[in-house]
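Comments concern the structure below.
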Amino acid sequence: MQQKLTAPGQPRQLDEPQVPLSVPVGDEVKTTTCYMCACRCGIKVHLKDGRVRYIEGNRDHPVNRGVICGKGAAGIMQHYAPSRLRTPLLRVGPRGSGEYKEIGWEEALGIATGWLSRIRATDPKKLAFFTGRDQSQSLTGWWAIQFGTPNFAAHGGFCSVNMAAAGLYTFGGSFWEFGEPDWDHARYFLMFGVAEDHASNPIKIGLGKMKARGAKVVVVNPVRTGYGAIADEWIGIKPGTDGLFVGALIHELLSSQRIDLDYLVRYTNAPALVIESPGSADHGLLARGEGGEVLVKDRRTGVLVGIDSPDLSPVLQGEVELPDGRKARPVFEMIARRYLAPEFAPDEVAKRTGLPASQIRRIATELAAAAFDNPVVIDQPWTDWHGRRHEKMVGRPVAMHAMRGISAHANGFQTCRMMHVLQMLLGAIETPGSFRIKPPYPKSNPPRIKPRGKPGEVKPNTPLPGPQLGFPLAPEDLLIDDAGTPQRIDKAYSWDAPIAAHGLMHMVITNAANGDPYPIDTLFMYMANMSWNSSMNVPAVMDHLTAIDEATGEYRIPHIIYSDAYFSEMVPYADLILPDTTYLERWDCISLLDRPISDADGPADAIRHPVVEPDRDVRPFQDVLLDLGWRLALPGLTNPDGSRRYPGGYPDYIVNHERGPGVGPLAGWRGKDGESFAKGEPNKGQLDRYIANGGFHHHPLPHDQRYFKLWNRGYVDWAHKSGFLESTDRLVMQLYCEPLQRFRLAADGHGAVQPPASHRERIATYFDPIPFWYEPFEGQLVDLSKFPMHAITQRPMHMYHSWGSQNAWLRQITAANRLYMARAKGAEIGVADDDWVWITSHQGRVKAQVKLMDGVNSETVWTWNAIGKRSGAWALDKDAPEAEKGFLLNHLIGELLPERDGGYRFSNSDPVTGQAAWYDLRVRIEKADAEPPGTSPRFEPLTMPRSVAGRRK
Amino acid sequence: MTALPATTRKKLGLVIDLDTCVGCHACATSCKEWNAGGYSGPLTDEDAYGADPHGAWLNRVHSYEVGEGAESRTVNFPRSCLHCETPACVTVCPTGASYKRAEDGIVLVNPDTCIGCKLCSWACPYGAREYDYTHGVMKKCTLCVDRIYNETLAPEDRQPACVRACPTGARHFGDLADAESAVSKLVADRGGFDLLPEMDYKPTNKYLPPRPRTFEAKAVGPVAESVPRPDGSAAERLFAWVDRVLST
């Protein structure tokens, strides 16, 4: 650069330097799918000299439309994290000691095959296979079926099964996973319990659109962070009381006669007749005609007709006499009486929720005004299930979304169902402006899949006759023996958790160590940090993992196999570690058969493909599973001549596996010529087509099928033809959830399968077919004068579980967490900013540092989820803030509830679904002046495997 | 002392909407990611896996609570160089390494002449400059000068990485010298404001304020008829209404 001459004391004036403005980003761009959280956004990965240079959002992708979040943009540092495992490991010291031998894959697979083949030849249920944050459940579940064990599930039981089950049993879809708000048309948006997660970018994009349009955004959450911060109204509700708030809204809508009667009659079972014959085996079931059709009473003729009759004008109130003399009553009347009861009046509800009655009334008024005074009209003709043409699509611009804050309570299933009742009363499901379902959903409510694993279905060297996870309709569908004993290690589908549609992963280790209901031989897990932030009562879980059976001198859980890409807290507790790749080094299939990336405008699925080669001796878990399956000679994985069914590994399986004729893991570009969608023979070029299209396939529905899907003739016929619906039967939404009543009848002493005495009252109480509110169990069982505060977690938007804080960039944003508390509460109990306090629950105590704030419910403390780390884990230095100051609330949460009368300890879960009740925690806060600063408890620092430690330097 | 151009042909800058920023840090990590390998790179990360992880970030997000009680709200505030019209960080520079481009107003640091004296970071009231301990030079937001004119990128991608990333659409990029530009109109419509205008550095970047909260039911439509008390007759009134509606 040339310097111009300037007089002394005059400012320098230089020629501007030449900045290189058009440097190419890299040498190559590859398009794949993110895995920095559960959203599965499309990403473009720029490579330079064989290394990842830059990751950005894919503009064409249906999930993220080009944007990327704080986690996704830090993917480079995840991919290059020093905590990556580098080689298979065999434990040589005691469990937890971190003494390993580094071994080769042949030896590792040989050991696993030895353990597993012995189990399979004797008693397949001795394998418990649980896969955590797995995005390949259609493969892992199928593998477990081939193996023959009933003990399979992923992490849904401790995440969102309450939402999934409540939605699937009501309208055949669900919040988040199988539905989304109508971001483009809603004018009023009510969001419950979204702890900054699920979904990430779709919610952010949607909120941006709503704010730009001037829609009102209302956030219901005890904590006002991220989404709550930009809401037009933040409702800082007391944890676990959302059902009261929702019930009060329903109360107000019914009181002011602001409901969508036409919608209720057309699309729900509001007019269905409920048999009233207390003490009989059919009490509370729906009255049915000779052909099995659900009956309603026509108000003009007084005749009982089937609910599927066109142009119904049904009776909605009053006792109805059935032909055989039994009495019945319309569902609508029962709903109205339930919610008009004084317990749901705003003044009553105000006492428990902490929300002013005036605010509840105002929100109800706003909801009604938004729904009814200004409907959304789309100029689009459509044809309904009965074949009637409608010139326009008319809907209610009130959208709702709910997640963990509802799900993670022991009343979450009924609360979520109650939200769906509210939506139905407003005409706000599958109508323009409201909540929309994502194909291949809606399914039948619930889907017609029964769980397998009954006595007699689990046999040596034999596949299970069907999937482990399904949707019971009656006690006969439970997985129990004649004595009522659970058949699964997690007690899913037993009287403890009859509709445990995602299993109870949070109970597996405790139950296995206790041999309750039976001991297992091998615990095989993938991507689940169960000795740390994914378990309740972490100290006890560590004990369980290392507990010795005094009779044999062996570990009570004799073998543990674990696959993870990173040196997580769980690794030292495994006997055999199968190192996985990062998400940029692997094939994956995000399938319509499990959890697709669809939006409400059409089904979509996606792949990951390797954009870089691994630089270590690691293998993608799915390849390993297929290899193991062949070594075990599992039927679906082995040809008749004994050779591998999928010699090309996971990509070979993705293309060539058929679940049914023409149905495979990917729905796009099927058939020889690649021109078929959903059904068609395998296409050798399928993956190339996906890669060329940016890693995904989206099938946009014609515009006349995009709303009213459950009752849309065009959609239902197409969905049936595509294999998404078992039949073209009419789909009626379930205001009244009849299957629950069948369980209640069993508790009343009816039927062949009845709960044991210890469970009768529980089933009779909580299996109410009409949603109700109850105090979550921990609040019922502990002394609230000793534990007066609620304690919950939120998930920072830039981190996701424990994956985040090993990330060199993300941990510069957050490396330790504080206990957040209301400023007024701090003043009340004498706690100031930066004070260290003990947080004590009935289970134990944890020491944390306080930060006071205004935006939190006054009776609630909270912290960020999964920041706290065990010293030495994730290849962080032993004195990392995550270990010295970061803490988990998990240690305070019991996985078992306190004993009740009779001594039985139920799991800390929803009584219907078995969902882990993380947010029911009750605590007290006391200053910890006497102790030096720093978190407690601390555990023995972990020792990195040599190969990991070597890279760390 | 370094001189400023008398005028700049354009005033390129950002408009950041505090009404929609959820504080997700996407802009911060995307910025780090782009610039770590771009013109500003490498950006250091000190003690990345240790007790005190820190490094150079050209864009950071802070979350604050403002007001108390019912008036309290949470504001997420992204912070980066504002590319001021009269930036003290340039005029204090003893070597001329800090400069403001005559063409577009972007404030840059020439790494070849920066001596790492940190005068500029002392002069900047916005805390927008980041000292790179590894390389001994000052780093700052370049407005992604190596993206916005980059002919190897698709035209729609020629915008700063933070804008490209932002999931809520809270960040906008454009020429604030052009009254007809989308960003200028946004500023006019939404009451965009300067940070610390009293310092008179004339920031180019503008912030859009959070919209006022309204708790009036009229915001979404007329108020429904007054709600009856739950005196036991609400059900009967409801059923009578249902009867009327279904009879018509």
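Within region A:454-475, the residues that satisfy the criterion of being over 17 Å from A:A501 (Cβ atoms) and not polar (S, T, N, Q) are A:P455, A:G456, A:E457, A:V458, A:K459, A:P460, A:P463, A:P465.
Return the only residue of A:A408, A:A428 being under 27 Å from A:I378 (Cα atoms) and either surrounded by fewer than 23 Cβ atoms within 10 Å (Cβ to Cβ) or touching a strand residue (DSSP E or B) at 6+ places or on another chain (Cβ under 9 Å) (or both). Please lay out each step first, then the result.
Values: A:A408 fails: under 27 Å from A:I378 (Cα atoms).
Every option except A:A428 fails the conditions.
Restricting attention to region A:49-72, and to residues there that are more than 8 Å from chain B (Cβ to nearest Cβ) and of a type in the set (D, E), which single residue is nearest to A:H559 (Cα to Cα)?
The first filter runs over region A:49-72 and keeps only residues more than 8 Å from chain B (Cβ to nearest Cβ), leaving A:49-52, A:58, A:60-63, A:65.
Applying the additional criterion that residues be of a type in the set (D, E) yields A:49, A:60.
On the way: A:D49: 42, A:D60: 45 Å.
For region A:49-72, the residue satisfying everything is A:D49.
Could you please find all residues in region B:141-162 being touching a residue at least 12 places away in the same chain (Cβ under 8 Å), within 10 Å of chain A (Cβ to nearest Cβ) and not acidic (D, E)? The answer is B:T142, B:V145, B:R147, B:I148, B:A161, B:C162.
Looking at A:G26, A:G75, which one is assigned to a loop (DSSP other than H, G, I, E, B), within 20 Å of A:H609 (Cα to Cα), modelled with pLDDT of 95 or more and at the interface with chain B (Cβ under 9 Å from one of its Cβ atoms)?
Numbers: A:G75 fails: assigned to a loop (DSSP other than H, G, I, E, B).
That would be A:G26, the only listed residue that is assigned to a loop (DSSP other than H, G, I, E, B), within 20 Å of A:H609 (Cα to Cα), modelled with pLDDT of 95 or more and at the interface with chain B (Cβ under 9 Å from one of its Cβ atoms).
A:P647 meets all of the listed conditions (1) within 30 Å of A:F435 (Cβ to Cβ); (2) modelled with pLDDT of 95 or more but one, namely (1). Inspection of region B:187-207 identifies no residue that is farther than 28 Å from A:S22 by Cβ and facing chain A (nearest Cβ under 10 Å).
Sub-6 Å Cβ pairs linking a first residue in region A:799-823 that is crowded, with 24+ Cβ neighbours inside 10 Å and at pLDDT 95 or above to a second residue that is of a type in the set (S, T, N, Q) and part of a helix (DSSP H, G or I), at least 6 apart or interchain, are A:N807/A:Q78; A:W809/B:T29; A:R811/A:S805, ordered by first then second residue.
Taking region A:914-953 on its own, how many of its residues are of a type in the set (S, T, Y) and either modelled with pLDDT of 95 or more or loosely packed, with under 14 Cβ neighbours inside 10 Å (or both)?
First, pick out the residues of region A:914-953 that are of a type in the set (S, T, Y): A:919, A:935-936, A:943, A:947.
Then keep just the ones that are either modelled with pLDDT of 95 or more or loosely packed, with under 14 Cβ neighbours inside 10 Å (or both); that gives A:919, A:935-936.
The qualifying residues number 3.
Scanning region A:844-871 for residues that are within 12 Å of chain B (Cβ to nearest Cβ) and β-branched (V, I, T) gives a single hit, A:V856.
When restricted to residues that are surrounded by fewer than 21 Cβ atoms within 10 Å (Cβ to Cβ) and more than 7 Å from chain A (Cβ to nearest Cβ), region B:24-64 contains 10. Here A:F887 passes the criteria (1) within 13 Å of another protein chain (Cβ to nearest Cβ); (2) among the aromatic types (F, W, Y); (3) over 24 Å from A:D783 (Cα atoms) except the one numbered (1). Across region A:644-669, the number of residues qualifying as within 13 Å of A:D627 (Cβ to Cβ) and free of Cβ contacts under 8 Å to residues at least 40 places away in the same chain comes to 6.
Listed by position, the strands (runs of 3 or more DSSP E) contained in region A:778-851 that have at least 3 residues being under 19 Å from A:G894 (Cα atoms) are A:789-794, A:836-840.
Of everything in region A:182-201 that's at pLDDT 95 or above and hydrophobic (A, V, I, L, M, F, W, C), which residue is farthest from A:S160 (Cα to Cα)? Checked region A:182-201; the qualifying residue farthest from A:S160 (Cα to Cα) is A:A186. The set of residues from region A:106-135 being farther than 14 Å from A:R631 by Cβ and either of a type in the set (V, I, T) or modelled with pLDDT under 95 (or both) comprises A:T122, A:T131, A:G132, A:R133, A:D134, A:Q135.
Scanning region A:696-716 for residues that are among the β-branched types (V, I, T), touching a residue at least 40 places away in the same chain (Cβ under 8 Å) and over 24 Å from A:R40 (Cβ atoms) turns up at least one hit. For region B:1-20, taking the residues that are facing chain A (nearest Cβ under 7 Å) and more than 25 Å from B:K100 (Cα to Cα), the one that is surrounded by the most Cβ atoms within 10 Å (Cβ to Cβ) is identified as B:T20.
Any residue at all in region A:113-122 that's in a helix (DSSP H, G or I), free of Cβ contacts under 8 Å to residues at least 12 places away in the same chain and of a type outside the set (S, T, N, Q)? Show your work before the answer.
Just the residues of region A:113-122 that are in a helix (DSSP H, G or I), to begin with: A:113-122.
Now narrow it down to the ones that are free of Cβ contacts under 8 Å to residues at least 12 places away in the same chain: A:114.
Checking the rest, the ones that are also of a type outside the set (S, T, N, Q) come to A:114.
Yes - at least one qualifying residue is present in region A:113-122.
Of everything in region A:728-756, what is in contact (Cβ under 8 Å) with a residue 12 or more places away in the chain, part of a loop (DSSP other than H, G, I, E, B) and over 27 Å from the mean Cα position of the chain (by Cα)? Give them in sequence order.
If we filter region A:728-756 for residues that are in contact (Cβ under 8 Å) with a residue 12 or more places away in the chain, which is where we start, we get A:728-748, A:750-756.
After this cut, where a residue has to be part of a loop (DSSP other than H, G, I, E, B) as well, the list is A:728-732, A:734-737, A:748, A:750-756.
Hits for region A:728-756 are A:T728, A:D729, A:R730, A:D748, A:H750, A:G751, A:A752, A:V753, A:Q754, A:P755, A:P756.
Within the bounds of region A:687-708, is there any residue that is of a type in the set (D, E, K, R), over 30 Å from A:I429 (Cα atoms) and in a loop (DSSP other than H, G, I, E, B)?
Narrowing region A:687-708 to residues of a type in the set (D, E, K, R): A:688-689, A:704, A:706.
Add one more test, that the residue is over 30 Å from A:I429 (Cα atoms), and what stays is A:688-689.
Now restrict to residues that are in a loop (DSSP other than H, G, I, E, B): none.
No.
The values are calculated or read from the model by the stated rules, or taken from the named source; none is laboratory data. Everything quoted here is computed from the prediction, not taken from an experiment. Note: ideal-geometry Cβ built from the backbone for every residue, glycine included; neighbour counts use all protein chains shown.
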